[in-house]
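The values are calculated or read from the model by the stated rules, or taken from the named source; none is laboratory data. A quick note: this is a predicted structure, and the numbers were derived from the prediction, not measured. FYI the Cβ positions are ideal-geometry reconstructions off the backbone, even for glycines, and counts take in every protein chain you see.
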Amino acid sequence: MKNLCLFIFLLMSGCKVFGQDEVLKLNHMYFVLDSVSFQEIKASKQLMNWGNFDKGLPGFDPVDGKSTTAYLRGGSTYLEIMGPDNKFGEKEGAIGIGFSWDVHAPFSDDIESKLKKKGLKFEKSEAKWSFGNEKMLWYSAYYTKLKGSVATWYAFYNPDFLTRLYGTPYTSFTREDFLEKKINTNKEIKDLSGIVLECSTEDYKKITEELASFGIKIKASGKKSVTFEVDSIEITLHLTDRKTTAIRELRLKTQNTLKEKLQLGKIQLESRNKELIMKFK
């Protein structure tokens with residue numbers, strides 16, 4: 001009887017006993033810079049002091065002169081910043097946005113249960129990671145074949161991957177589970193808070209249709225713009241006549257309003273009301 005009462009309480013309180021949380025979240029974003037901007041970001045002692053930077057799995061080692069990718073980690077999201085000679089073969093100007101759901105054991109990747117609006121067809125791919133001679137599922141990702149220059153995908157991450165990566169048992173894979181052991185909470189940059197894109201017609205249509213299929217509501221709109229709020233992050237799309245989509249700005253939450261301004265290649269960074277604004281030329 002006590003167990004039944006506890007189960008009913010958990011359901012009423014919104015706690016997930018197993019499966020996945022219902023709320024779609026932004027997991028991370030990647031973009032590829034020109035060589036000069038990327039080199040100046042890596043060389044900026046001020047920026048490195050402000051944020052938690054590393055060069056990725058499996059060791060989360062410090063960024064150095066040879067790094068072709070620099071990861072800026074926040075409390076729940078991260079940016080994957082690449083130079084033109086990155087190991088993934090992504091070209092300068094490429095953009096990708098990865099979304100995910102928090103996963104609780106047992107692992108499931110039922111994309112159909114997440115769709116609030118039917119119509120779009122999602123295809124599946126799997127990413128695996130090698131631990132010694134064993135390959136383990138890292139995540140399942142779903143994507144549409146709608147045309148556009150921005151890569152978008154929707155992922156379910158495997159808790160067993162975290163268990164192997166950190167050597168500690170995990171029964172969930174949340175964004176915070178993945179990041180909390182690898183960030184210094186005393187750093188100024190806390191998390192991503194906003195994305196503003198200048199979109200091609202194709203990307204504007206693609207992103208709005210995909211987010212709508214998962215029930216993400218429009219927070220604000222104009223004649224040629226729309227803003228979605230995905231969990232705590234605002235994504236603003238401006239419809240333009242560009243052939244390929246470009247980043248206009250990224251907003252990062254900070255502990256304080258920072259006094260310094262930085263110009264790193266084509267990127268200008270300035271602080272406003274406890275946000276660090278990255279403006280792209």
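Can you pull out the residues in the stretch 7-55 that are at pLDDT below 95 and acidic (Asp, Glu)?
Within the stretch 7-55, Asp21, Glu22 meet the criteria.
Take the stretch 28-46 and flag every residue that is in contact (Cβ under 8 Å) with a residue 60 or more places away in the chain and over 20 Å from Lys187 (Cβ atoms).
Scanning the stretch 28-46 gives Tyr30, Phe31, Val32, Leu33, Asp34, Val36, Ser37, Phe38, Gln39.
Filter the stretch 241-270 down to residues that are surrounded by fewer than 18 Cβ atoms within 10 Å (Cβ to Cβ), of a type in the set (S, T, N, Q) and not in a strand (DSSP E or B), then give me how many there are.
The total comes to 4.
Residues to consider are Leu120, Leu146, Leu115; find the one that is at pLDDT 95 or above and closer than 30 Å to Thr171 by Cβ.
Numbers: Leu120 fails: closer than 30 Å to Thr171 by Cβ; Leu146 fails: closer than 30 Å to Thr171 by Cβ.
None of the other options fit; the residue is Leu115.
Quick grid of which residues meet (1) closer than 27 Å to Phe122 by Cα; (2) of a type in the set (D, E, K, R); (3) modelled with pLDDT under 95:
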| residue | (1), (2), (3) |
| --- | --- |
| Phe173 | yes, no, no |
| Lys181 | no, yes, yes |
| Thr227 | yes, no, no |
| Asp241 | no, yes, no |
| Leu252 | no, no, no |
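Take the residues in the stretch 136-152 that are aliphatic (A, V, I, L, M) and either assigned to a strand (DSSP E or B) or under 15 Å from the mean Cα position of the chain (by Cα) (or both); name whichever of them is surrounded by the most Cβ atoms within 10 Å (Cβ to Cβ). I'd like the intermediate steps shown before the answer.
Filtering the stretch 136-152 down to residues aliphatic (A, V, I, L, M) leaves 136-137, 141, 146, 150-151.
Now drop any that are not either assigned to a strand (DSSP E or B) or under 15 Å from the mean Cα position of the chain (by Cα) (or both), which leaves 136-137, 141, 150-151.
Details: Met136: 14, Leu137: 16, Ala141: 21, Val150: 23, Ala151: 13.
Filtering first and then ranking leaves Val150.
Could you list, in sequence order, all residues of the stretch 153-195 that are assigned to a strand (DSSP E or B) and among the aromatic types (Phe, Trp, Tyr)?
Trp153, Tyr154, Phe156, Tyr157, Phe173, listed by residue number.
Taking the stretch 103-135 only, how many residues are free of Cβ contacts under 8 Å to residues at least 40 places away in the same chain and either in contact with a helix residue (DSSP H, G or I) (Cβ under 6 Å, 6 or more places away or on another chain) or buried (at least 18 other Cβ atoms within 10 Å of the Cβ) (or both)?
2
Restricting to the stretch 47-62, name every residue that is surrounded by 12 or more Cβ atoms within 10 Å (Cβ to Cβ), assigned to a helix (DSSP H, G or I) and either of a type outside the set (Phe, Trp, Tyr) or free of Cβ contacts under 8 Å to residues at least 40 places away in the same chain (or both).
Leu47, Met48
Collect the residues in the stretch 30-42 that are surrounded by fewer than 17 Cβ atoms within 10 Å (Cβ to Cβ) and farther than 11 Å from Ala70 by Cβ, keeping them in residue-number order.
Scanning the stretch 30-42 gives Asp34, Ser35, Val36.
Between a first residue in the stretch 162-189 that is closer than 18 Å to Asp102 by Cα and a second residue that is among the charged types (D, E, K, R) and part of a loop (DSSP other than H, G, I, E, B), which pairs have beta carbons less than 6 Å apart while being 6 or more apart in sequence or on different chains?
Thr174/Asp102
Does Ser100 satisfy being free of Cβ contacts under 8 Å to residues at least 40 places away in the same chain, under 17 Å from the mean Cα position of the chain (by Cα), buried (at least 18 other Cβ atoms within 10 Å of the Cβ) and not in a helix (DSSP H, G or I)?
no
What number goes with the only condition from (1) surrounded by 18 or more Cβ atoms within 10 Å (Cβ to Cβ); (2) more than 30 Å from Glu260 (Cβ to Cβ); (3) not β-branched (Val, Ile, Thr) that Pro169 does not pass?
Going through (1) surrounded by 18 or more Cβ atoms within 10 Å (Cβ to Cβ); (2) more than 30 Å from Glu260 (Cβ to Cβ); (3) not β-branched (Val, Ile, Thr) one by one, Pro169 breaks only (1).
Determine whether the stretch 210-219 contains at least one residue that is surrounded by fewer than 16 Cβ atoms within 10 Å (Cβ to Cβ) and touching a Ser or Thr at 6+ places or on another chain (Cβ under 8 Å).
yes
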